[in-house]
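Peer 1: Sending over a structure as structure tokens; questions will come in a sec.
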Amino acid sequence: MLFPNSMRDDVHKQVTAVCHFFFTHNTTKEESVLEAQLKTRGNQWSTAVQLAACSHGDRVVKLAAKQIVATKNAAIFASTLQSDFSLHYNAKFRRALWTQIGKMTAEERNLLFSVDEPVPRPASKILLHSIRSLEELSQVRSLVSTWGAMMSKHLEYIERHLQWKINVSRTSLRDFFSNRATI
């Protein structure tokens, strides 16, 4: 397996194919290649991070999450959670990333989430709105002891939105795709 790079035709197609491979297979050899790429800070690092979001290998997932959080960059955190390659919704990777964010100091987490800000920074809101499940929301809520008035409203909105997805959206889709549906 060759690592995707810009020397070949379509990098996005390459990365998507490799991502699918990592998501559906658990192979030590390829995971080792990915792990080696994660440990280097060269021009392949961002691609390796994207691919790690597709992996189910514990070491790779934890290493990627640790390195992402080590950047101390909210934009990188959010882009990782919202990346095309996270669309598969790899709960293991997302859990590892939030766990690593939880290892930041309380002050860093308060700054990251704009807890004490009267107007939260856009990156903080984007990060919160990257949450994809009630379980993930619960994990994120536990990262900060007091969220403040503005961010609490965002958390409440996210919870209502996720509840709606569970209660209304899934029921509607099930009904639509059932045998009773007419097109």
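Peer 1: Hey, what's the Cα Rg ratio for segment 69-135 versus the globular rule of thumb, 2.2 N^0.38 Å?
Peer 2: That works out to 1.08 for segment 69-135.
Peer 1: Among Ser172, Gln37, His12, which residue has its Cα furthest toward the positive end of the charge dipole of the chain, with +1 on Lys/Arg Cβ and -1 on Asp/Glu Cβ?
Peer 2: Final value for the positive-end residue is Ser172.
Peer 1: So, by mean Cβ neighbours within 10 angstrom, what's the order for 116-124, 57-65 with the highest one leading?
Peer 2: Packing order, densest peptide first, comes out as 57-65, 116-124.
Peer 1: Right, another one. Could you run the Karplus curve 6.51 cos²θ - 1.76 cosθ + 1.60 with θ = phi - 60° over segment 145-150 and give me ³J(HN,Hα) per residue in whole Hz, x for Gly and Pro?
Peer 2: Calculated HN-Hα couplings, in order: 6, 10, 7, x, 4, 5 Hz.
Peer 1: For segment 101-113, take each phi angle, set θ = phi - 60°, evaluate the Karplus expression 6.51 cos²θ - 1.76 cosθ + 1.60, and give the result in whole Hz per residue in order, putting x for glycine and proline.
Peer 2: Going residue by residue, I get 4, x, 7, 5, 5, 4, 5, 5, 5, 4, 5, 4, 9 Hz, with x marking Gly and Pro.
Peer 1: Over all alpha-carbon pairs in segment 31-114, figure out the percentage whose distance exceeds 18 Å.
Peer 2: Beyond 18 Å sits 36 percent of the P(r) for segment 31-114.
Peer 1: Quick check: pseudo-label points 7 Å beyond the Cα along Cα→Cβ at Arg109 and Ser46, how many nm apart are they?
Peer 2: Using points 7 Å along Cα→Cβ, the separation is 2.9 nm.
Peer 1: Rounded to the nearest 500, what is the chain's calculated 222 nm mean residue ellipticity when only DSSP H runs of at least 4 contribute -39500 (n - 2.57) each, over all residues?
Peer 2: Estimated from H runs of four or more residues: -18500 deg cm²/dmol.
Peer 1: Something else: Quick one: Kirkwood hydrodynamic radius for the chain, alpha-carbon pairs, angstrom, one decimal?
Peer 2: By the Kirkwood definition, the hydrodynamic radius is 17.9 Å.
Peer 1: So which of Lys92/Lys165; Lys13/Lys103; Lys39/Lys153 end up more than 31 Å apart by C-alpha?
Peer 2: Lys13/Lys103; Lys39/Lys153
Peer 1: Run the dipole for the chain about the Cα centre, Lys and Arg Cβ at +1, Asp and Glu Cβ at -1, nothing else charged, and hand back the magnitude in debye, nearest 20.
Peer 2: Computed about the Cα centre, the dipole is about 180 debye.
Peer 1: While we're on this one: Based on the Kirkwood radius over alpha-carbon pairs, what is the Stokes-Einstein translational diffusion coefficient of segment 106-183 at 20 °C with 1.002 mPa s viscosity, in µm²/s?
Peer 2: 152
None of the figures in this text is laboratory data; all of them are computed from the coordinates on show. Everything numeric here is computed off the predicted structure, so don't read it as measured data. When we count neighbours, we look across all protein chains shown, and the Cβ atoms used for this are built from the backbone with ideal geometry, even at glycine.
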